[in-house]
Amino acid sequence: MPGMHVTLRQLQVFEAVARLGSFSRAAEEIHVTQPAVSKQIRQLQEEVGMPLLEQVGRQVCLTDAGRELLATCSDWLDTWNRFEQSIADLKGLKQGRLRIAVVTTAKYFMPRVLGPFCTEYPGIDVTLEVINRNRLLERLGHNEDDLYVMGVPPDGWEIESQPLMENNLVVIAPRAHRLAGRRRIPFAQLADEIFIAREEGSGTRMTVERVFAENGVHFRVRMELGSNEAIKQAVAGGLGLGVLSQNTLGDLAVEGLAVLDVTGFPVRRSWYVVWPRGKQLSVVAETFVDFLHEHAALLKPRA
Ligand code: PGA
């Protein structure tokens, strides 16, 4: 009918009263007071211009007009409910995609968080890019992902970053190395050692170079490797020493490695979850950030 001003709320209330046959039960179901239900129905009847409900004893019955309206609005409400569902899905809570890019070293703990996360939110598809810091910064600059996890958030960028847990750097040597087991090795003694280093553009490499420079020690590199795992193997094989995040270490005895007690180490730092400042995080991304903070225990390094 032209000119009729009926609200979605009135239809929802009417449908509940008609289905449940009771004002009080409808009020309970939709979490409002009974006078609020009566008011909505009264306004709806005024708009339609005919009574929709009749009170017979304690039972609420539909009039003919009421039956017509119920048939019509059940369809509308179904359609509306489907719409609400697809909006919720688009927002991603129950369904959707989460794009995360993490630096190489984060692969030691991210999969351990993703397991429980995907179990709790089975409708969320996660894409995980594992790349080094430089490549990650390119992606961050182009806003290609929802979230980033890295050890060294860039200075002077418009970003939000929240610390997650420790990401300390340690010096590793083969188990039989002459310095293994020595206490308080002076930093300067590292000048005599040669290192298997991560590639340029890696956050680990960047931090190691900074720390060596701060200590006035030349960082001598025998070989560059893009994989922490390969560095551990090379170090265990006696090619040189390494400086890696504690997160990369498992059972040192099994790996044939020792952590050296060098002054200034471990270099204390954190992992950060990062996103561009001002970016409207999707519901999925927000859920994941909360999950990361809540499940920090899962992220603890094993070594
Ligand atoms: P990377 O980053 O894997 O690129 O070295 C790790 C870190 O910054 O701790």
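The values are calculated or read from the model by the stated rules, or taken from the named source; none is laboratory data. Being a predicted model, the structure only gives us computed values, none of them experimental. Cβ placement follows ideal geometry from the backbone for every residue including glycine, while neighbour counts extend to all protein chains displayed. Remember, those area values only see protein heavy atoms, side chains included, never the ligands or the DNA or RNA. Shrake-Rupley method; radii C 1.70, N 1.55, O 1.52, S 1.80 Å.
Criterion first (away from the ligand (no atom under 12 Å from the Cβ), open to solvent by 60 Å² or more (accessible area, probe 1.4 Å) and not aliphatic (A, V, I, L, M)) does Glu158 satisfy it? Yes; evaluated as a whole, the condition is true for this residue. Candidates are the residues of region 161-173 that are open to solvent by 20 Å² or more (accessible area, probe 1.4 Å) and not hydrophobic (A, V, I, L, M, F, W, C); the one that is nearest to the ligand (Cβ to nearest atom) is Glu166.
From Glu214, Glu193, which residue is at pLDDT 95 or above, more than 13 Å from the ligand (Cβ to nearest atom) and touching a Leu at 6+ places or on another chain (Cβ under 6 Å)? Step through it out loud before you land on a result.
Working: Glu214 fails: touching a Leu at 6+ places or on another chain (Cβ under 6 Å).
Just one listed residue meets the conditions, Glu193.
Within region 130-144, which residues are surrounded by fewer than 20 Cβ atoms within 10 Å (Cβ to Cβ), away from the ligand (no atom under 11 Å from the Cβ) and at pLDDT 90 or above? Answer for region 130-144, where residues must be surrounded by fewer than 20 Cβ atoms within 10 Å (Cβ to Cβ), away from the ligand (no atom under 11 Å from the Cβ) and at pLDDT 90 or above: Glu138, Arg139, Gly141. Among the residues of region 103-114, those that are within 13 Å of Glu129 (Cβ to Cβ) and crowded, with 23+ Cβ neighbours inside 10 Å comprise Val103, Thr104, Ala106.
Of all residue pairs spaced 6 or more apart or on separate chains, those with beta-carbon atoms under 6 Å, a first member in region 99-116 that is near the ligand (Cβ under 8 Å from one of its atoms) and a second member that is small (Gly, Ala, Ser) are Val103/Gly203; Thr105/Ser245.
Evaluation of Gln55 against the conditions (1) in a helix (DSSP H, G or I); (2) touching a Cys at 6+ places or on another chain (Cβ under 9 Å) shows that the sole unmet condition is (1).
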